[in-house]
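Have a look at the structure below, then the notes.
The values are calculated or read from the model by the stated rules, or taken from the named source; none is laboratory data. Remember, it's a predicted structure, so these values are computed and weren't measured experimentally. Virtual Cβ from ideal backbone geometry, glycine too; neighbours counted across all protein chains shown.
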Amino acid sequence: MGAQVLIVEDDRMLAGVLASYLTKAGHQVALAADGSEAVTTWQRTVPDVVLLDVMLPTLSGLEVLRRRRTAGDHAAVIIISARGDESDRLVGLEIGADDYVVKPLSPREIVLRVQALLRRAEQLTGSRLRERSLRLGDAEIDLAARTAARHGEPLGLTSREFDLLAFLAGHPGETFSKAALLNRVWGWDFGDNSTVTVHVRRLRQKLEDDPSDPRLVLTVGREGYRAARGDELV
């Protein structure tokens with residue numbers, strides 16, 4: 001059975017084309033044409049993946065995303081935007097997007113990116129079903145439920161933040177370059193390394209006592225990250 005995908009796009013022709021491709025790929029699709037409708041439809045349909053345009057009537061896509069993340073929604077989000085500057089991408093990622101695609105776009109590429117998001121989530125969970133949970137310091141990671149908590153309080157991670165935490169916690173002490181993390185966690189053979197930097201920063205803000213002096217997710221040199229080993233946390 002496919003995923004539930006919400007397409008938030010005011011260009012009805014583009015939305016229709018994307019919906020057609022995703023439906024043919026086996027996914028269920030819902031549509032919203034403006035920001036207010038997007039908030040309502042997002043709450044009602046509980047999507048697995050959201051394709052979110054930035055420039056929308058009533059509310060911007062970034063405001064829609066901000067509201068849903070504040071409400072604790074963890075759906076995977078792919079921003080689709082005509083604005084491709086690095087600063088625009090970083091803003092979207094900071095708010096909680098998992099991916100960012102610049103228009104004009106290929107509907108087939110969007111389908112592949114949606115499937116990559118879903119596949120990585122399944123692989124990171126399914127590959128460790130015999131080991132249903134992990135720990136990193138005082139953080140408890142439930143792989144089956146795809147949730148993480150500290151002292152019983154949920155961390156409120158996005159889908160990609162959870163994937164990144166689960167991967168690093170599953171390889172304590174092992175350093176991975178940004179390019180390696182893009183491949184192993186995002187499933188990309190190429191991409192903007194700032195995507196990893198932003199997600200590590202966001203993860204630390206939710207995970208660390210002092211994000212400016214992290215103890216759990218460590219920077220190694222200029223290009224790598226690793227999870228702390230147990231003996232480093234005693």
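Details
- Condition check for residue 218: part of a loop (DSSP other than H, G, I, E, B), touching a strand residue (DSSP E or B) at 6+ places or on another chain (Cβ under 7 Å), of a type in the set (A, V, I, L, M) and surrounded by 14 or more Cβ atoms within 10 Å (Cβ to Cβ): no
- Unmet requirement for residue 188, which otherwise passes all of (1) closer than 30 Å to residue 111 by Cα; (2) buried (at least 19 other Cβ atoms within 10 Å of the Cβ): (2)
- Filtered by the rule that a residue be at positive phi and either in the same structural domain as residue 109 (by TED's automatic domain parsing) or touching a Lys or Arg at 6+ places or on another chain (Cβ under 6 Å) (or both), segment 136-190 gives 173, 187.
- Of all the residues in segment 12-47, those that are in a loop (DSSP other than H, G, I, E, B), farther than 15 Å from residue 112 by Cα and either touching a Leu at 6+ places or on another chain (Cβ under 6 Å) or at pLDDT below 95 (or both) number 3.
- Filter result (under 16 Å from the mean Cα position of the chain (by Cα) and either assigned by TED's automatic domain parsing to the domain that holds residue 158 or buried (at least 17 other Cβ atoms within 10 Å of the Cβ) (or both)) within segment 68-89: 68, 69, 73, 74, 75, 76, 77, 78, 79, 80, 89
- Any chance residue 39 is surrounded by 23 or more Cβ atoms within 10 Å (Cβ to Cβ) and among the β-branched types (Val, Ile, Thr): no
- Members of segment 221-234 that are part of a loop (DSSP other than H, G, I, E, B) and hydrophobic (A, V, I, L, M, F, W, C): 228, 233, 234
- Selection within segment 154-207 - small (Gly, Ala, Ser) and either part of a helix (DSSP H, G or I) or closer than 25 Å to residue 114 by Cβ (or both): 156, 159, 166, 169, 170, 179, 180, 187, 191, 194
- Taking the numbered list (1) modelled with pLDDT under 90; (2) touching a helix residue (DSSP H, G or I) at 6+ places or on another chain (Cβ under 6 Å) in turn, residue 73 passes all entries but (2).
- Scanning segment 61-104 for residues being part of a loop (DSSP other than H, G, I, E, B), over 14 Å from residue 40 (Cα atoms) and not basic (Lys, Arg) gives a total of 10.
- Residue match in segment 137-144 (condition: at pLDDT below 90 and closer than 22 Å to residue 209 by Cα): yes
- Scanning segment 30-48 for residues that are touching a strand residue (DSSP E or B) at 6+ places or on another chain (Cβ under 9 Å) and under 14 Å from residue 75 (Cβ atoms) returns 30, 32, 38, 39, 41, 42, 44, 45, 46, 47, 48.
- Qualifying residue in segment 8-27 (condition: surrounded by 19 or more Cβ atoms within 10 Å (Cβ to Cβ), within 19 Å of residue 101 (Cβ to Cβ), in the same structural domain as residue 67 (by TED's automatic domain parsing) and among the charged types (D, E, K, R)): yes
- Within segment 111-125, the only residue that satisfies the criterion of being in contact with a helix residue (DSSP H, G or I) (Cβ under 6 Å, 6 or more places away or on another chain) and at pLDDT 85 or above is 111.
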